[in-house]
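Read through the structure below, which is laid out as structure tokens, and then see the notes.
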Amino acid sequence: MKPRVGILISGRGSNMQALIRAAAQSGYPAEIALVLSNRSDAPGLEIARRHGIAAQAIPSRDFRADRATHEAQMTHALDAAGCTIVCLAGYMRLLTPYFVQHWAGRMLNIHPALLPAFPGLDTHARALAAGIKIHGCTVHLVTETMDDGPILAQAAVPVLPDDTAQTLGDRVLAQEHIIFPMALSHHISGQSVPAESTAALVSPCA
Ligand code: GRF
């Protein structure tokens, strides 16, 4: 039986959709069993249901500062669905050390920058402000430090002279949709992502 994956989202869900689409291929080594959102208005919930995936909101606002109880409910839902791996796909709430330790080595995150550069928010605007010429995205295992942890895959894109945060973000997002399913697949199979599979994405700056 393929390992069952739970995806945590907070919004749009385009990375979630990329994972669902990849896992729908017969050769993919994982099954998406559940999508959880900490926001009941996350558009990704409906997208998941349209793909036939169970999707549930566990609104964090109902728990206010009580992160532990919110996370206990999420763990309960993930366990009930038989999930053994968690993917954070635009999940915008900090996790407690307890939750992180519980899923240690089994929880992946996608970040829209080439870590360790630009952890945190607004990565594309910050990348443009810094004047960097190569930007990208990272899939990594989640540890207690935000946007840290062993790197599983990265993809790089050029920063073009006329880029805005939007155009640069769109270019990065297209690569996120490629490397997240790839990294999950390789992680489950116990392989590292071959460097050449993502390095070729960088093209010379105009
Ligand atoms: C992505 O850029 C991801 O890297 C970041 O949050 C965004 C989520 O977008 N962590 P989506 O909901 O997957 O479309």
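The values are calculated or read from the model by the stated rules, or taken from the named source; none is laboratory data. Source: prediction; values computed, not measured. A quick note on method: Cβ atoms are made from the backbone with ideal geometry, for glycine too, and the neighbour counts reach across all protein chains shown.
Give the number of residues within segment 1-35 that are within 20 Å of Glu176 (Cα to Cα) and touching a strand residue (DSSP E or B) at 6+ places or on another chain (Cβ under 7 Å).
Final tally of qualifying residues: 15.
Give, as residue ranges, the helices (runs of 4 or more DSSP H) completely inside segment 1-85 that count at least 3 residues that are within 16 Å of the ligand (Cβ to nearest atom) and at pLDDT below 95.
Counting at least 3 such residues, we get no helices (runs of 4 or more DSSP H) at all.
Checking the conditions here, which among Ser37, Ser14 is in the same structural domain as Ala65 (by TED's automatic domain parsing) and within 21 Å of Gln175 (Cβ to Cβ)?
Only one candidate passes the filter, namely Ser14.
Can you tell me which residue is farthest from the ligand (Cβ to nearest atom) among those in segment 88-147 that are assigned to a helix (DSSP H, G or I) and surrounded by 22 or more Cβ atoms within 10 Å (Cβ to Cβ)?
Taking segment 88-147 first, the residues assigned to a helix (DSSP H, G or I) are 97-102, 123-130.
With surrounded by 22 or more Cβ atoms within 10 Å (Cβ to Cβ) added as a condition, the list becomes 123-124, 127.
Values: Thr123: 8, His124: 9, Ala127: 13 Å.
Checking each candidate, the answer is Ala127.
Tell me whether segment 91-99 contains one or more residues that are β-branched (Val, Ile, Thr), assigned by TED's automatic domain parsing to the domain that holds Ala57 and in contact with a Lys or Arg (Cβ under 6 Å, 6 or more places away or on another chain).
Yes, some residue in segment 91-99 is β-branched (Val, Ile, Thr), assigned by TED's automatic domain parsing to the domain that holds Ala57 and in contact with a Lys or Arg (Cβ under 6 Å, 6 or more places away or on another chain).
In segment 1-16, how many are farther than 14 Å from Gly90 by Cβ and surrounded by fewer than 24 Cβ atoms within 10 Å (Cβ to Cβ)?
The total comes to 4.
Residues checked against (1) under 27 Å from Arg21 (Cβ atoms); (2) more than 16 Å from the chain's Cα centre (by Cα); (3) not aromatic (Phe, Trp, Tyr):
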| site | (1), (2), (3) |
| --- | --- |
| Val100 | no, no, yes |
| Ile134 | no, yes, yes |
| Pro161 | no, yes, yes |
| Ile178 | yes, no, yes |
| Pro181 | yes, no, yes |
| Gln191 | yes, yes, yes |
